[in-house]
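Have a look at the structure below before the remarks.
The values are calculated or read from the model by the stated rules, or taken from the named source; none is laboratory data. No experiment lies behind these values; they were computed from the predicted model shown. We place every Cβ from the backbone using ideal geometry, glycine too, and count neighbours over all the protein chains shown. The area values use the complete protein model at the heavy-atom level, side chains included, leaving out ligands, DNA and RNA. Shrake-Rupley method; radii C 1.70, N 1.55, O 1.52, S 1.80 Å.
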Amino acid sequence: VRQTHWDEYVTRFVFGGLVTVAAGLIADRFGPAIGGLFLAFPAIFPASASLLQREQKEKKQKAGMDGTQRGRLAAGIDAAGAAIGTLGLAAFAAAVRHMLTQHPLWLVLTASTLAWVFVSVALWLTWRSLRRGSARPGP
């Protein structure tokens, strides 16, 4: 927290607010079912990706190197994590929607949380495996 500058907080709040307002406008225009899909988008992702990219680039530049590639790589990894988390959240929402009218709330929330964990971990392991596989040299 002490290493974070005030402008980074402002950037996160502005991006988060804009994403939330956009989701609200979409829900107002197309209904809550469609608007809810857009709430699965992490509200602070655009800010965190741009701040992470800038931070990594500046780190490399202080060491006398061009940090453009490193910054882009860090932002890309952050984007993959956000996408995985978003798909996990979609699994949670789908489980809630499917079970809510037929089962007690404690069971719905437990099963939905397990769905979120399972989907997120499975996607992360798959992504990690594919990423490591693509880094290996060819035959």
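Over the chain, Cα pairs under 8 Å with separation of 6+ residues give a relative contact order of 17 percent. Net charge of the neighbourhood of Lys59, taken over other residues with C-beta under 14 Å away and scored Lys/Arg +1, Asp/Glu -1, is +3. Take the Cβ atoms of Trp106 and Phe30, set R0 to 41 Å, and the FRET efficiency comes out at 0.80.
Of the options (1) 8.5; (2) 12.5; (3) 12.1, only one is mean projected area of the Cα convex hull in nm² as computed from these coordinates, and that is (2). Between Lys60 and Trp6, the simple label model (points 7 Å from Cα in the Cβ direction) yields a spacing of 3.1 nm. Apolar share of the accessible surface for segment 69-125: 76 percent from carbon plus sulfur atoms, 1.4 Å probe. Excluding ligands, DNA and RNA, the accessible surface per residue across the chain is 73 Å² with a 1.4 Å probe.
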